[in-house]
Amino acid sequence: MKKAQIMAQPLIYIFYVVVAALILFFGIKVIGNVNDSADKVEYLTFVGDVEKKVNTVYQDNFGSVISLDDISVPKEVIEICFVSNKDLTKVTNDKLKQLISISDLTQNNVFFGGVEIKNGPSRNFEHLTIDGTICDSTIDRKINLVLENIGDSVKVR
């Protein structure tokens with residue numbers, strides 16, 4: 001080996017280390033983004049499933065009942081509340097209480113506790129009739145509520 005080749009060898013190793021570090025950094029960043037996307041898809045699928053159940057029971061006959069306990073609840077949702085007034089006595093999550101207290105209930109009637117703002121912690125489901133505030137803790141990953149067709153709308157109980 002010539003003297004110049006020996007001097008260049010450490011530079012090549014430094015280049016390898018820099019390239020490896022960049023690959024690791026960007027690889028970890030991409031994996032993090034994929035996990036965030038998966039959580040968002042899981043949440044949006046959950047919201048779609050709840051809305052589908054509401055629409056299904058609304059289109060059924062008067063008196064039809066459907067349970068929400070078979071819907072897969074994402075880990076970030078710790079409480080679900082169906083709200084028609086600002087009675088917060090049944091809401092257990094403090095952040096959810098704050099959100100409901102400042103929300104316009106004519107635009108949103110279902111609130112999800114534990115959900116980051118970017119995912120939209122509240123929704124408006126048509127055809128729902130809610131007596132006061134009905135909440136369910138979803139720590140067991142189930143919604144222990146029932147939807148009932150009462151003719152012109154769907155009642156949550």
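Tabulated data
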read-out	value
Ranked by how many other beta carbons lie within 10 Å on average, peptides 69-80, 25-36, 141-152 from highest	69-80, 141-152, 25-36
When the stretch 9-59 is reduced to its Cα atoms, the Kirkwood hydrodynamic radius in Å	14.4
Gain on full stretching of the segment that runs from Leu145 to Val19 - 0.36 nm per residue minus C-alpha separation	40.0 nm
About the Cα centre, charge dipole magnitude for the chain (Lys/Arg +1, Asp/Glu -1 at Cβ), debye	1040
Candidate aspartates and glutamates - alpha carbon under 15 Å from Lys142, same-chain residues fewer than 8 apart omitted	Glu42, Asp49, Asp69, Asp70, Glu76, Glu79
Cα extents of the chain along the three principal axes, largest first (Å)	91, 32, 27
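Every read-out reported here was derived from the displayed coordinates using simple, explicitly stated rules and does not represent laboratory data. This structure is a prediction, so every number in the text was calculated from the model and none was measured. FYI the Cβ positions are ideal-geometry reconstructions off the backbone, even for glycines, and counts take in every protein chain you see.
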